[in-house]
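What follows is a single structure, written as structure tokens, with notes after it.
The values are calculated or read from the model by the stated rules, or taken from the named source; none is laboratory data. Quantities reported herein were computed from a predicted structural model and do not represent experimental measurements. In this analysis, Cβ positions are derived from the backbone assuming ideal geometry, glycine residues included, and neighbour counts consider all displayed protein chains. SASA here: full protein model, heavy atoms, side chains in, ligands and nucleic acids out. Shrake-Rupley method; radii C 1.70, N 1.55, O 1.52, S 1.80 Å.
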Amino acid sequence: MTVCAVILAGGQANRMGGGDKGRLMLGDRSLIQRVIDRITPQVDAVVLNANGDLSRFDDLGLPVVADSIADYAGPLAGILAGMDWAAEHGYEWLITVASDTPAFPVDLAKRLTVFDTQVVLAATPDPERGKIAQPTFGRWPVALREDLRAELNDGVRKIRQWTRAKGETLVLFDEHDFFNINTPEDLAWAEQHLT
């Protein structure tokens, strides 16, 4: 199994005042550098999904791919961009991670790739609902990219809307594994607990 990862950094970071949220510093490294350091040992290749002037990420030394679906279509468009890059480079599977979640599990890819279902998403426990999906953390067959492109072109924007139709599997992780940084308060918490 050949596995590529895409780091999803194409959002607009509105709750952080805009800009590249992944460039925020957490201790001595940016959020995105922490994500790169964490996912790289788990996969065969890493690519970054972003929009706008892609050259602003040249210092990271990664291939950078933009959404092919216009108007900030959300994380599904970033997943498609990763699938397209993976297909062009001969990878069968794609692992997705978010650029604002610096402490996801070091065995994420391993735990997501042991299932036979098409789409596998990370999830965390919830006392009322059982599991809460973490849909930007998943394993996707690159072979589904044309199906995903068609759904995006038909207006689908919610990850779970598409993954449920594909027969998703949810893999349970610890409740704190996917703490993501959306606000200045989140960053302050992470500085106290994740550095």
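Some notes on this structure:
- In the context of the full set of protein chains, the chain has a per residue accessible area of 47 Å² (1.4 Å probe).
- Based on the Kirkwood approach, the hydrodynamic radius assigned to region 72-195 is 15.3 Å, with every pair of different Cα atoms included.
- A straight line joining the Cα centroids of region 112-135 and region 85-102 runs 18 Å.
- Within straight-line cross-link reach of residue 110, lysines at Cα separation under 23 Å, skipping those fewer than 8 residues along the same chain: 131, 166
- In region 34-150, taking the dipole from charged Cβ atoms about the Cα centre, the farthest positive-side position among 106, 61, 148 is held by 106.
- Between residue 59 and residue 107, the simple spin-label model (points 7 angstrom out along Cα→Cβ) gives 3.5 nm.
- Dipole magnitude for the chain: computed about the Cα centre from +1 point charges on Lys and Arg Cβ and -1 point charges on Asp and Glu Cβ, it is near 280 debye.
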